[in-house]
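Some notes on the structure that comes next.
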Amino acid sequence: MAVAGDWRDANRGEAMTQLSAWLVLIILAFVTPSGPLEAADQASPAARLQALEDLYPPWQGGRNNDALAKGLEFSVPPVDVMVDFHGSLDQPALVLYASGNYFFAMKDLVQAFEAGNAAFRGKVFYETLPPGLLLKQMAAGGTVTSGNMTFTVPADVLMVEERATQELVKDSRLVDPVVSFATNDLAIMVPSGNPAHITGLRDLARSELTLIMPNPAFEGVARQIRASLVKAGGEDLAHQVYDTKVAEGTTVLTRIHHRQTPLFLMQGIGVAGVTWTSEAIFQEKIGHAIAHIVIPPEQNTRAVYSAAMVAHAPHPDAAHAWLDFLHSDAAFAALEPYGFRRVGP
């Protein structure tokens, strides 16, 4: 299946390297503070640690956990936390594998669903890994290992880009109907103030700029980004950003998904990265030092988000209830604040 080819080529342990990446970034932040950390440079070590932790998003503290009975709550971002797994593994009534493109909106979507379906309250488990990694987990029967923890939780619904969903239906891994519910487009994410004075996609070829870009090995958005680079500057621009600058070390590829982009920008690792517009809006809404540059329509590439039930889903009735919900006003109300556009039934 061509659309998932790049995803399948991902190195097996790619997503599980995040802990070492975070630790490296902590060292960098303390040795060479930059961006938002500059103000803490002359402060005490405790204040500098607080400044670093303030960069981490709110969902890392367990706020997106759908479970009602949480027992001992133990999270120490960034060294002891699982941010892409949400809810309780104790007999979930609905399991969603959702691509990371709207990780920040999933909590509101789930809560809106539960508000209209009380039987599911506290019983929805969902993941927000990149599509390629979710497909690998599906191929492994729902088993995944993160750090020292291995668990099995087969999916009821897979939520990825429309074209991929349709091909997975043809491949008999998903079943009709395909429910398309929202669209999104691309933007250039930059630190507040746009210190590199980036005006458009062509600027990303500048040799002195360090970029933070989604990894094409397992992130579907890289395909849309490359298409936009070609629209803006031909194959030469796409080659410069995703080949030449990668080889030179001035394009840093994400290790999990594009929620790393704003973190790396705020830590001063890079000065720009292409993401979905909704992600930049989210970062701005929560007060992070992030801004975005609009990519004009003629250079932009739109994605259509969709969902379908997984073949042999453990909870087919729950899957159908979720798919019906995605076309509701309540579902769109969770997405609209971040710039998503609605797709009708």
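In the distance distribution for the stretch 59-121, Cα-Cα pairs more than 16 Å apart total 48 percent. Checking every one of the chymotrypsin sites (Phe, Trp or Tyr not before Pro) in the stretch 67-158 against DSSP loop status and a limit of 13 other Cβ atoms within 10 Å picks out PHE74.
Sorting MET159, MET106 by the number of Cβ atoms found within 10 Å of their own Cβ, with the fewest placed first, yields MET106, MET159. A Förster radius of 56 Å combined with the Cβ-Cβ distance from ALA69 to VAL294 puts the calculated FRET efficiency at roughly 0.80. For the stretch 101-177, the equivalent ellipsoid derived from the alpha-carbon gyration tensor has semi-axes of 21, 18, 12 Å in decreasing order. Measuring between alpha carbons in the structure, the pairs from LYS170/LYS285; LYS107/LYS231; LYS107/LYS245; LYS107/LYS285 lying more than 27 angstrom apart are LYS170/LYS285; LYS107/LYS231; LYS107/LYS245. For a label point 7 angstrom out from the Cα of GLU208 toward its Cβ, which stretches of the stretch 157-200 have the backbone nitrogen within less than 13 Å? In the stretch 157-200, the label zone of GLU208 (backbone N under 13 Å from the point 7 Å along Cα→Cβ) covers 195-198. The ranking of SER88, SER328 by Cβ neighbour count inside 10 Å, starting from the fewest, reads SER328, SER88.
Provide, as a two-decimal number, the C-alpha radius of gyration of the stretch 211-302 over 2.2 N^0.38 Å, N being how many residues it has.
1.04
How long are the semi-axes of the ellipsoid equivalent to the stretch 162-202, from square roots of 5 times the Cα gyration tensor eigenvalues, in whole Å, largest first?
They are 38, 11, 8 Å, listed from largest to smallest.
Above 20 angstrom, tally the Cα pairs of the stretch 109-248 and express them as a % of all pairs, no decimals. Tail of P(r) above 20 Å: 63 percent of Cα pairs. Each other residue within a Cβ distance under 15 Å of LEU174 adds +1 if Lys or Arg and -1 if Asp or Glu, for a net charge of -3.
The GluC sites (Glu not before Pro) of the stretch 161-266 that DSSP puts in a loop, and whose beta carbon has at most 13 other beta carbons within 10 Å, are GLU208. Let me see the pair-distance distribution of the stretch 249-340: every alpha carbon pair, 10 Å bin width, integer percents in order. The percentages, shortest bin first, are 13, 33, 30, 19, 5. Rg/Rh, computed from the Cα trace of the stretch 159-238 with Rh as the Kirkwood radius, has the value 1.08.
Here, each number is a calculation from the coordinates, and none is a lab measurement. Keep in mind that this is a model prediction, so the values were computed, not measured. Heads up, the Cβs are rebuilt from the backbone with ideal geometry, glycines too, and the neighbour counts pull from every protein chain shown.
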